[in-house]
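Single-structure report; data block below.
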Amino acid sequence: MELKIPEVGESVREALLAKWFKKNGETVRKDEPLCEIETDKITLDLNADVAGTLSIVVQEGATVAVGTLIGTITEAAAGVEAALGAASAQAVEKLSASPSSPEVRREMLEHGISPEEVAGTGKGGRITLDDLFARIEERAKQPPAARPLADKKTTPLPVPPPVQSQPVSRPVVAEPAAPIPEPAPAPVVRSEEAPAYSSAREERRPMSPIRKRIAARLLAARQQTAMLTTFNEADLTRVKALRSSHREHFMQRHGVALGLMPFFVKACVEALKEFPMVNASIDGDDIVLHNFYDIGIAIGAEKGLVVPILRNADRMKLYEIDQAIAGFSEKIKTNRLAITDLEGGTFSISNGGVYGSMLSTPILNPPQSAVLGMHAIQDRPVVRDGQIVIRPMMYLALSYDHRIIDGREAVGFLKRVKEYIEQPEELLLEG
Amino acid sequence: MPETNTYDLIVIGAGPGGYVAAIRATQLGMKVALVEKRATLGGVCLNEGCIPSKALLDSSELFAQARDKFALHGIAIDPPRLDLAAMMLRKNDVVGKLTDGIAYLIKKNGIQRIHGTAVLKGAAADGLQQVEVVPAGGQQSLLDSPAEAQILTAPRLLLASGSEAAGLSGIPFDGQVVVSAREALSFDKLPEHLIVAGGGYIGLELGSVWRRLGVKVTVMEMLPQILPNMDRQLSDALYRSLRKQGIQFKLGTRIIGVRRIGSKAIVEYNDGTGSEEMDCDKVLVAVGRRPLTAGLGLEELGIRLDWQGRAVIDRDYQTSLPGIYAIGDLVPGPMLAHKASQEAAVCVERMAGQQAEVEYDYIPGVCYTWPEAASVGQTEEQLKQASTPYRSGRFNFAALGRARCLDESEGFVKILAHQETDRVLGVHIIGPRASELIAEAATVMSFDGTARDIALMCHAHPTLSEAIREAALDLHKEAIHA
């Protein structure tokens, strides 16, 4: 059975073969994960469709086009003969790679380059060091997406810093005294010898495709929008009361804890209905108003931030929102998030509160025009009816594209969100 | 409360694995402690293995040359007399100079050398690995020998404690008659009859030493051939040659028991036709070596060992316990000093984040008999079993000028290359200085060279290395001198 890089989404044309979980020649069971592939949007596992012996064609660390054959599985039925065949195929495969040398192989490992990528110019197609360095240079000039990640299977172990700041005592060789009292020689400034295992001081690693994508998009958001942030704060007394009084009942009925997020999703959807420009986007010289409410929820994953989309959030019940978000988290953990989970979206919510952030300015996720930032809930003294009382408060931030959203609208929108959060009953009556 | 000292890396064992690891780690900027229970550094290799055996092999070879070959060269001498005590002194001197050399290197690199026995104590609360070092009893070296136990800690431990001679079941070593290689390197007088149990490298080398010095030597091997992992043509040729030198062989023979009678012994064996007995005064048991893990505390910590008692490791040479690494004879692969040294450097470089790897396919192996036998890569038997299509080329030293000049015309070079790609897959040499010649083969293979590559390289004339080129030519039926 052939193993190919699958279609993962319309805009994805290539993927990084990030890691093989199985070795060449290893026996695999049906549905066992074989390798992890990473695109600029998602990371996912490829599983074995049949049981058999794995033969790896493309080594990990290589970036390959969608549809590329990366390995084959020789089905188990053939038994011993298949195993023998695979062994000799393996030997032949190794022999068909371009000849190189120990140093070249070492450098290829260091730079995460597979022999197939390098055109050998030496005798018999031998890959020389010059060939390799030419390839490294060429790769440096390529657009970031096409560059393979360094060999991740041998991620450098973090070397602990030397235990003592004092260097290991080495025998000091006495310098011979200068025989002639010449004018003092210019002092030789000997730069402190950098530790050979430089990873203690700094470590250089290539950006993963996801990280590059994030970097490019965030920079674009900064450069191509007129981003501004407005702030407000919300009193969460009633939301908290509602959650605690219905917690068990909700859990029993829906199997998820009643979270905070559904209230904010609902509040935003209602406010977006009143301020349609906040739910709009710019396309060329046109403003596109969206009559649907696809809300992106920013989730911090191990490999970087991803923003899966709640489709038609206006039609979702509170528990459905909770379930959907829990589903996204689970998919991220198991590398099963699909491109379709990430595409589109008319407005986003980012909750920095889960990390303890008190106040921050969220960044737009173009072409969306606004993003709500939630923060940590803190008991703070506030004035109610002329009295100083303690209330669970949260700062809210709305970053918006000033090109199409006026200050009045942005402030009004955020004020509506605040009101819905402070009076959740209203939300329930509306929704 | 014992004193505690913290390092970046603690290396246990100062053999060719351990001391190389310590030096390489220091070069990479780590603060290193090297724990060794022997008073001298260098491990088995230097103290009672490779080096002393080669010293005696070279001495005994000269003795045999003087006795048997000088006359052929026109050098008339009285029969040479053996001064065994002087020969042993020279051997000890060679060992002494080299172990001192290692001690100098350790000092020069600022490595903390600790004389004592290490016991692993697991990870402390702060995650650092702890090692207790108990001062070595008996042969104390005044230097670096602490008076009482101390605790060393480091984020990483490297186990390089090597291996020890395995005994025959039911026949324990007694140090007098039933001995290991260690004692067989230091007999104070010539035995009359030495029985060697085991037809591997160690048994054949030491058997050769004593045979050349005039001892009756009988090698008993359980398998039907000597050096079973070697290319069959090579082991057959070596077998014939050693027999010609007067070593007796009993193949397919199992030793059942040894009865001591005073300073003599009677070995009871079964060669398949029934139980028989043979008198001797020394039995050298050289049936293999087993990893020296006992006493380190590995079992207590639950470090996984395989069925041979070797540590299970990952690509980084890390054992099943994070932070604890193992190399050399403690881990799978051939038990060779140069393999341990290579793993040592690679293991430490990987700790420092370098992408180092040991290229196991290109590790040469040498048996220092005369003629010497040396191999790198796959044997013809292995290629057949893997159904790899190959071609074979061979050249006999008898047809080589330099070998004739040396009067060393036994043996041949055999090259195996892939049928389609011509890539060299294995080189097997039996003959004079095969141990040195094999380096060219390992180089060519490391550079993924072909048999034609060798044929196209100019080899100096007259040298033994020409045999390698001729064998490569023969592989394509183009040999000039055959």
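Just a few scattered comments:
- Bridgeable lysines around A:Lys19 (alpha carbons under 21 Å apart, same-chain partners fewer than 8 residues away excluded): A:Lys4, A:Lys30, A:Lys41, A:Lys94, A:Lys152, A:Lys153, A:Lys212, A:Lys303, A:Lys331, A:Lys333.
- Of the peptides A:257-264, B:18-25, A:375-382, the order by per-residue mean of other Cβ atoms within 10 Å, starting with the highest, comes out as B:18-25, A:257-264, A:375-382.
- Entries in A:Lys22/B:Lys339; A:Lys317/A:Lys415; A:Lys141/B:Lys339 that, when Cα-Cα distance is taken, lie over 29 Å: A:Lys141/B:Lys339
- Equivalent ellipsoid of the protein assembly as shown: semi-axes from √(5λ) of the C-alpha gyration tensor, largest first, are 69, 33, 28 Å.
- Taking Cα centre as origin and charging only the Cβ of basic (Lys, Arg, +1) and acidic (Asp, Glu, -1) residues, the dipole magnitude of the range A:209-430 rounds to 760 debye.
- Inter-part distance where the range B:79-131 and the range B:250-297 are each reduced to a Cα centre, Å: 30
- Taking a straight Cα-Cα cut-off under 16 Å and skipping sequence neighbours fewer than 8 places away in the same chain, the lysines within cross-link reach of B:Lys189 are B:Lys91, B:Lys216, B:Lys264, B:Lys282.
- In terms of Cα atoms, the Rg and Dmax of the range B:363-475 work out to 13.0, 40 Å.
- Shielding of B:23-30 by partner chains, average beta-carbon count, 10 Å: 4
- Alpha-carbon Rg with Dmax, taken over the range A:209-430, Å: 17.2, 55
- Computed over the range B:67-219, Kirkwood Rh from alpha-carbon pairs, angstrom: 20.0
- Among the chymotrypsin sites (Phe, Trp or Tyr not before Pro) in the range B:307-387, those located in a DSSP loop and surrounded by at most 14 other Cβ atoms within 10 Å of their own Cβ are B:Trp307.
- In chain B, the DSSP beta bridges split such that about 60 percent are antiparallel, to the nearest 5.
- For a straight C-alpha distance cut-off of 16 angstrom, the lysines reachable from B:Lys414 (same-chain residues fewer than eight places away being disregarded) are B:Lys384, B:Lys477.
- Computed over neighbours whose Cβ is under 9 Å from that of B:Ala64, the net charge equals +2, Lys and Arg +1, Asp and Glu -1.
- Only Lys, Arg (+1) and Asp, Glu (-1) charged, at Cβ; the protein assembly as shown dipole about Cα centre in debye: 920
- 0 to 90° range, to nearest 10: angle between helix B:232-244 axis and chain B longest Cα axis: 70
- Per-selection Rg to Rh, the range B:202-296 - Cα, Kirkwood hydrodynamic radius: 1.00
- For chain B, diffusion coefficient by Stokes-Einstein and Kirkwood Rh (Cα), 10 °C, 1.306 mPa s, µm²/s: 66
- For peptide B:313-325, the mean count of partner chain Cβ atoms within 10 Å of a residue's Cβ comes to 1.
- Degrees separating the helix B:337-351 axis from the principal Cα axis of chain B, which is the longest one: 40
- Cα-based shape type of the range A:303-355, given that a ≥ b ≥ c are square roots of the gyration tensor eigenvalues and the cut on a/c is 1.5: rounded
- On Cα atoms only, tilt of B:50-68 relative to the major axis of chain B in degrees: 20
- Coil-residue trypsin sites (Lys or Arg not before Pro) of the range B:430-482, DSSP, other Cβ within 10 Å capped at 12: B:Lys477
- Formal net charge of residues neighbouring A:Val28 (Cβ-Cβ distance under 12 Å; K, R +1; D, E -1): -1
- Under 5 Å, built H, 5+ apart or other chain: amide partners of B:Gly116: B:Glu36, B:Lys37, B:Ala136
- For chain B, the 222 nm mean residue ellipticity estimated from helices alone, with every DSSP H stretch of n ≥ 4 adding -39500 (n - 2.57) and the total spread over all residues, rounds to -9500 deg cm²/dmol.
- Summary of packing: across the peptides B:345-355, B:382-392, the per-residue average of other C-beta atoms within 10 Å ranks them, highest first, as B:345-355, B:382-392.
- A DSSP coil position with no more than 14 other Cβ atoms inside 10 Å describes the following GluC sites (Glu not before Pro) in the range A:200-282: A:Glu202, A:Glu203.
- Sorting the segments A:284-294, B:88-98 by their mean number of nearby beta carbons within 10 angstrom, highest to lowest, gives B:88-98, A:284-294.
- Legend: mean number of C-beta atoms from other chains within 10 angstrom of residue C-beta atoms, peptide B:445-453, equals 5.
- Scanning residues 5 or more positions from B:Gly288 or on other chains, those with amide H under 5 Å from its amide H are B:Ala166, with H placed 1.01 Å from N in the peptide plane.
Values quoted throughout were computed directly from the atomic coordinates according to the rules given, and no laboratory measurement underlies them. Since we're looking at a predicted model, the values are computed, not measured. Ideal geometry is used to build each Cβ from the backbone, glycine not excepted, and the neighbour counts take in all protein chains shown.
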